[in-house]
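Quick notes on the structure that follows.
What follows is calculated from the coordinates using simple rules that are stated; it is not laboratory data. This is a predicted model, so every value here is computed, not measured. All Cβ positions, even for glycine, are placed from backbone atoms using ideal geometry, and neighbour counts span all protein chains on display.
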Amino acid sequence: MKKYILSFVFVSFVLFNLGCKKSPTEIDKPPIIITPPSLELSVDGVSCTEAWIKVKKLNDTTFLPISVKINEKEFFHGFLAATDTVLFVDSLAPSTTYTVKGIILDTLQTAKELKVTTLPTT
């Protein structure tokens, strides 16, 4: 009987020891990287006196307050709600190069400038 009790204690001790040696592992979560919102400008079309400027927001899902300037004169001031939008610019002079700049108003971050040249008249 003593032999069975010692065997039971020994087996219980071994199983208990093996079961408690392993610590629970946590799932490795990737770090959360917060990237600030940014703008992307591109030319969607151009004619002699008109231009279509595509404004696209990156890394943002909310209303983004922006300002778009053409030759340092404010052309658009408001909120960009959709992922992208096209701004129609009219009353431009033919064969002229304009500088378009997009600014995020919260951070005053400027998107890269864009040069737009209108077509010549024939």
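Going by amide H atoms built from the backbone, whose H comes under 5 Å of the H on D44, apart from near neighbours?
Residues meeting the criterion, in which the H sits 1.01 Å from N, are W52, I53, K54.
Of L114, G78, I33, whose Cα points farthest to the positive end of the dipole of the chain (charges on the beta-carbon: +1 Lys, Arg; -1 Asp, Glu; origin at the Cα centre)?
I33
Would you please name the trypsin sites (Lys or Arg not before Pro) within the stretch 80-122 that are DSSP coil residues with at most 15 other C-beta atoms within 10 Å of their C-beta?
The qualifying sites are K112.
What is the set of long-range amide H partners of F75 at a cut-off below 5 Å, with H atoms built 1.01 Å from backbone N?
V68, K69, I70
Filter the GluC sites (Glu not before Pro) in the stretch 46-122 to those in DSSP coil with at most 10 other Cβ atoms within 10 Å of their Cβ, and list the result.
Answer by residue number: E72.
Which chymotrypsin sites (Phe, Trp or Tyr not before Pro) in the stretch 31-122 pass both tests, a DSSP loop state and at most 16 other beta-carbon atoms within 10 Å?
Those satisfying the criteria are F63.
Which ³J(HN,Hα) values in Hz, rounded to whole numbers, follow from the phi angles of the stretch 84-100 under the Karplus curve 6.51 cos²θ - 1.76 cosθ + 1.60, where θ = phi - 60° and Gly and Pro get x?
Once θ is set to phi - 60°, the couplings for the stretch 84-100 become 8, 8, 10, 9, 9, 10, 10, 6, 8, 8, x, 6, 10, 9, 10, 9, 10 Hz.
In straight Cα distance, which lysines are under 24 Å from K101, not counting same-chain residues fewer than 8 positions off?
Qualifying lysines at Cα under 24 Å: K54, K56, K57, K69, K73, K112, K115.
Rounded, prolate or oblate for the stretch 38-117? Axes are the square roots of the Cα gyration tensor eigenvalues, ordered a ≥ b ≥ c, and the cut-off for rounded is a/c under 1.5.
Cα axes put the stretch 38-117 in the prolate bin.
GNM on the chain, C-alpha springs below 10 Å: top fluctuator among I66, I34, I104?
Looking only at I66, I34, I104, the biggest GNM fluctuation is shown by I34.
Could you give the size of the charge dipole of the stretch 38-117 about its Cα centre, using +1 on the Cβ of each K and R and -1 on the Cβ of each D and E, expressed in debye and rounded to the nearest 20?
The calculated dipole for the stretch 38-117 is roughly 140 debye.
Using modelled amide H (1.01 Å from N, peptide plane; none on Pro or chain starts), what sits under 5 Å from the amide H of Q109, excluding residues fewer than 5 places away?
I104
Tell me the mean residue ellipticity at 222 nm calculated for the chain from its helices only (DSSP H runs of n ≥ 4, each -39500 (n - 2.57), averaged over every residue, nearest 500).
For the chain, the value works out to -5500 deg cm²/dmol.
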